[in-house]
Amino acid sequence: MVTPEALPFAKSGELADFSAGLPKYLALLGLGVSLIMPRYRTPEIESMPAQTVLPELCVPLGGAKAKASVARAEEGYFDIYFIDNPKYFLREKIYGPSTGQYLDNDERFVFFNRAVLEFLLKSGIQADVLHCHNWPSALVPVFLKTHYKNERRFNRVATVFTLHNVAFQGEFPPESLMLTGLNWNYFNPRELSLNGRLNFLKAGVVYADVVNTVSSAYKQEIMTRKRSHGLSDILRSRRGTFSSVRSGIDYEVWNPGKDPYLAANYSLADMSGKNACKQALLRECGLRLSEKAPVIAFVSHLSRHKGTDILIEALDGIGAMEAGLVVCGEGEEKFELALAAAARRHRGKMAVWLEMRPSLVHKVVAGADILLIPSLHEPCGLNQFYGFRYGAVPVVRATGGLKETVRPYVPATGEGNGFVFREYSAAALLDAVRKAVDCYRNAPGDWRKIREAGLRHNFSLEVTARGYLRLYEKALHLKRGG
């Protein structure tokens, strides 16, 4: 597996959770799994006992050579290889600060993709499948079929490329092509260019043996011109090798019955610990609520993609309800400032943590009654699965994997596992939140049914891993011809 991020070492979004969990469940199915990622200078990586396995690796980059080293660490069920170059990875953030992207991201991730293949070539590790994630690893399939097409070690290696979010494509000026070492013949609309720019994500879609995304609903969305961010034609052309495998979560890490971060543990059979977690969260946040008031949580990267803009528009309306709001996240500076200002306006009813430590996220989800997910786009989403697992009822916008996994509550029948709105607006969000708050306060019997419906779901990565095993077999069949 080739990924730009994985918990607990580096995280900007849900890809980090996925990249950490899937290898373990693949290993439990009997696969030998290695994960390859950059060696960022995070405390989690720095404290990891890692052994240098390749002290010097020369990586072609444009017309020159860049130096790398590779260290190996064990993470229980699988091993991790860290590609190191301080020039590219000695940074505070993965992709850039809250005000924008690093200007050399093209160079950084061309280097990373090429270094992965040079490392595999020099180390003697024999992979059957290279599973790449998102635009920062999208050039691995390209380089395999160009620079390394005559390397016997790679002749039988299949590539799987997973699109976790096509809104982020790795788009750079045409001259960035020079970093790849490929000639200008590749810079055309059938291969590496889109709208006159070098496009990493499109390149991966074109060159990978098999392409997939993370929910069937999102797959259908991004095959339409309106939702594809320019990729609909190329995705439709790959219809026979483009599929979906729904994401899941690690049910061992996300287990309210054993979670060490919680004030009290609980389960479907005994939910009494849920209230203890809520009271602990209220104390830690300094919120003062009545006994019948629910706690609403928003746990997310702070961006328009995640619906932060309409949430901010709705904050005063939520503040007027008999409910508390806890926000946990970090992201764009303008959203961080707006949320901090709102918390000052609604002191005692709203708290904001501009960070996403795992211990904090677990406490917030366990202490929440309602989990807000008002995303503009959501390929699959993991938060609703965390909410189901911890008894926090999701309020979501009907998009991508959210509309696939969250069924709206129907008062007439008492059926459903959450609350759903369609229009992307603060008004629609407020209306859905108001319905959830009213149900919590006035229909406790229905609320228990909604919560229990979520707790009974199985969105474990164990199911997801079986789907990827079938996908790997398909990729190998296509690559090896039988």
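The values are calculated or read from the model by the stated rules, or taken from the named source; none is laboratory data. Computed from a predicted model, the values in this text were never measured in an experiment. Counting neighbours? That spans all protein chains shown, and the Cβs are built from the backbone with ideal geometry, glycine included.
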Residues that are among the small types (Gly, Ala, Ser) and within 24 Å of residue 158 (Cβ to Cβ): which helices (runs of 4 or more DSSP H) entirely in segment 1-111 hold 3 or more of them? 14-28
Within segment 305-333, residues being in a helix (DSSP H, G or I), at pLDDT below 95 and either touching an Asp or Glu at 6+ places or on another chain (Cβ under 7 Å) or within 30 Å of residue 164 (Cβ to Cβ) (or both) number 2
Of the conditions (1) under 18 Å from residue 18 (Cα atoms); (2) surrounded by 17 or more Cβ atoms within 10 Å (Cβ to Cβ); (3) out of contact with any strand residue (DSSP E or B) (no Cβ under 6 Å at 6 or more places or on another chain), residue 142 satisfies every one except a single condition; which number is it? (1)
With 107, 46 as the choices, which residue is within 29 Å of residue 461 (Cα to Cα) and acidic (Asp, Glu)? 46
Just name the residue that is surrounded by the most Cβ atoms within 10 Å (Cβ to Cβ) out of those in segment 211-225 that are hydroxyl-bearing (Ser, Thr, Tyr) and over 24 Å from residue 144 (Cβ atoms). 218
Where residue 356 falls short, out of the listed (1) without any contact (Cβ under 8 Å) to a residue 12 or more places away in the chain; (2) part of a loop (DSSP other than H, G, I, E, B); (3) more than 30 Å from residue 226 (Cα to Cα): (1)
With criteria (1) over 23 Å from the mean Cα position of the chain (by Cα); (2) closer than 25 Å to residue 165 by Cβ; (3) at pLDDT below 95, residue 445 comes up short on (2)
Odd one out for residue 433, checked against (1) more than 19 Å from the chain's Cα centre (by Cα); (2) more than 16 Å from residue 300 (Cβ to Cβ); (3) crowded, with 24+ Cβ neighbours inside 10 Å: (2)
When residues of segment 376-401 are filtered for being under 16 Å from residue 459 (Cα atoms) and free of Cβ contacts under 8 Å to residues at least 40 places away in the same chain, how many remain? 1
Quick check on my filter: what residues within segment 312-326 are in contact (Cβ under 8 Å) with a residue 40 or more places away in the chain and touching a strand residue (DSSP E or B) at 6+ places or on another chain (Cβ under 6 Å)? 318, 323, 324, 326
Residues that are surrounded by 21 or more Cβ atoms within 10 Å (Cβ to Cβ) and of a type in the set (S, T, N, Q), drawn from segment 112-129: 113
Residues in segment 455-468: is at least one surrounded by 15 or more Cβ atoms within 10 Å (Cβ to Cβ), touching a residue at least 40 places away in the same chain (Cβ under 8 Å) and over 26 Å from residue 213 (Cβ atoms)? yes
Among what's in segment 37-82 and is within 21 Å of the chain's Cα centre (by Cα) and crowded, with 20+ Cβ neighbours inside 10 Å, pick the residue that is farthest from residue 180 (Cα to Cα). 45
Considering only residues that are out of contact with any Lys or Arg (no Cβ under 7 Å at 6 or more places or on another chain) and at pLDDT below 95, look in segment 77-94 and name the one that is nearest to residue 38 (Cα to Cα). 94
Go through segment 164-179 residue by residue and tally those that are closer than 26 Å to residue 375 by Cα and aliphatic (A, V, I, L, M). 2
From 263, 208, 276, 280, which residue is under 21 Å from residue 169 (Cα atoms) and either surrounded by 16 or more Cβ atoms within 10 Å (Cβ to Cβ) or within 22 Å of the chain's Cα centre (by Cα) (or both)? 208
Index of the failed condition, residue 462 passing every other in (1) more than 27 Å from residue 164 (Cα to Cα); (2) in contact with a Leu (Cβ under 9 Å, 6 or more places away or on another chain): (1)
In segment 252-311, anything out of contact with any Cys (no Cβ under 9 Å at 6 or more places or on another chain) and among the β-branched types (Val, Ile, Thr) is listed as 253, 296, 308, 310
Would you mind finding the one in 88, 25 that is buried (at least 21 other Cβ atoms within 10 Å of the Cβ), under 16 Å from residue 115 (Cα atoms) and among the hydroxyl-bearing types (Ser, Thr, Tyr)? 88
Residues satisfying the stated conditions in segment 331-346, i.e. over 29 Å from residue 249 (Cβ atoms), surrounded by 13 or more Cβ atoms within 10 Å (Cβ to Cβ) and either touching a His at 6+ places or on another chain (Cβ under 6 Å) or among the basic types (Lys, Arg) (or both): 334
